[in-house]
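Where a number appears in this text, it was derived from the coordinates with a stated rule and is not lab data. None of the values given here were measured: they were computed from a predicted structure. Note that each Cβ is placed from the backbone with ideal geometry, even for glycine, and that neighbours are counted across all protein chains shown.
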């Protein structure tokens, strides 16, 4: 089992009283502004705005410093062959995520894909002569499926349709069939297809309304199919692809709202099931479909089973557990379900199992530490030999500069302790330093400890870096996870403000409060907008990336399939409109009184660029300091190296101006 080093845990047990003068009223002050845009991607923003808000160059010296930190990187997404001698992985060394090959008889990795568009590695083909990858255009997330020889050469398009997103789900052991999902019938749902590799013929397996996925497949043609209801809840069905006229047979989760993830097991009519149905945390069970039995596989614990992988060839079950953001891996043999030993990684803060070879001979593990990017190891299950497959590159940078996260807490106004990971540069242990609070996306995601070159940029410039896991985050039990669903978000939204209030009062020195900035991407961008409007005055400056400024216009314009999933999280347009308005940052635009920078990808298929433009226009009408940056060739986030440099550089310069310079005045 991977050894996890514990970090220091600091529990804050007292806090200052919150006054009405410090926190603006949560009541809705005004009716939400009229919708100012329609559409998604490039259709939601005008060519004039694209030109007007294109990113400006930054100082060459700053560019050089940021690029040197972005040179700190390591391969990721490793796949290993059956003989263990060939590995495929992704690497950003060219400035764009591409696929590389490493063989034991080769002195250096070989780049296989190239160009301005990134490639997303899926896996080896069944015979391992080729591999599959996905590629979109400009971050629009309309992925096509491609194949390439492992020896290199030109990629071959397997399946692509204009304005259709596909996702490869399974490759049969004999390589005859591929299974994928696509939203080609209706953009609001995903259908399940089988593709015959030799002829290219496709067969529609599941075409009714729903977000369908292939959870697992047996070689006899029995499919375990799921219909995703929300980001958390799924229904599961059985489908015999040899007799499609029988249709889908309900198995588990239908007419329920439970957190289920399933796969076939080693026993007939039994399934491995991860669920939090019987407690706060996700646990792994062996589910008997005939007698409706739930036999625990993992022990009850304060922490989630994050994921599991059952290798049918070896009968080995691998389980990744998450305890407060720290990961470790355990393994079980079947049929006894007895825990067995796994590779040990003594110097890792976290260890995660990332899959293995198709024949079950090798496993791939990823370790995370605070002093460099994560690295991958190949583990031979029979010989117990461990081989490092990837290495971190830290050119001209010493590991002594890096800071380990500490797990700390701040109290919410209703007395709940909110966890946050904090990195303090050594120089900030004894002097007042500005603070940056970064809220994660999701909102069901979780901030975890580890290394980040982006975070290091701010640490090197003398900022304390804080990442809270407010209510709605995963990893802290289902009560915590579900606390912000729908209109209930109004009850816990103040967790965003309470982080800034606590830091200002508790981290002050000699009566002087630190300047505190707020930032985040996606839901973190939304949290930043909320922090700067509804809770205006708590934070001194904000930088919001790909965030929603109005939950109403966001739901009306986001991709149809995403609306179906997101309404269950934020609220439904037809019945929760009043709550959605009360939860929208632009409802409180009249309170905005501090500088705000907005960053957005123009082709974003999740959060339309119109969300950023309408927020900026309202901000500009109030003559608030700030700016809008639109990347014409980026989607939901910034992926290309030159754009990442500009995004990080403008963010740093913004905080330097409004946190550091104002602190010294």
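Descriptive notes on the structure:
- Computed from the alpha carbon atoms alone, the convex hull of the range 494-612 holds 95 Å³ per residue.
- Length-normalised contact order for the range 473-617 - Cα pairs under 8 Å, 6+ apart - percent: 26
- Within the range 110-136, backbone nitrogen closer than 12 Å to the virtual label 7 Å beyond the Cα of residue 94 toward Cβ: 110-120
- For the range 226-268, diffusion coefficient by Stokes-Einstein and Kirkwood Rh (Cα), 4 °C, 1.567 mPa s, µm²/s: 113
- Counting every other Cβ atom within 10 Å of each residue's Cβ, 292, 42 order from fewest to most as 292, 42.
- Euclidean distance of C-alpha centroids, the range 283-324 and the range 492-535, integer Å: 38
- Helix 641-655 axis, angle to the chain major axis (alpha carbon atoms, nearest 10°): 30
- Sorted largest first, extent of the range 141-248 alpha carbons per principal axis (Å): 41, 32, 24
- The alpha carbons of the range 373-437 stretch over 54, 36, 16 Å along the principal axes, in descending order.
- Against the chain, whose longest principal axis comes from its Cα atoms, helix 60-70 is set at around 40 degrees.
- Helical content of the chain, expressed as a calculated mean residue ellipticity at 222 nm, amounts to -4500 deg cm²/dmol (DSSP H runs of 4 or more residues, -39,500 (n - 2.57) each, divided by residue number, nearest 500).
- Ordering 660, 60 from the fewest to the most neighbouring beta carbons within 10 Å gives 60, 660.
- Taking the C-alpha atoms only, the angle from helix 495-506 to the longest principal axis of the chain is near 50 degrees.
- Residue order, fewest to most surrounding Cβ atoms within 10 angstrom, among 246, 634, 280: 246, 280, 634
- The value of relative contact order for the chain, using C-alpha pairs under 8 Å at least six residues apart, is 15 percent.
- Inter-part distance where the range 382-436 and the range 163-242 are each reduced to a Cα centre, Å: 40
- Expressed as a fraction of 2.2 N^0.38 Å, the C-alpha radius of gyration for the range 275-349 is 1.16.
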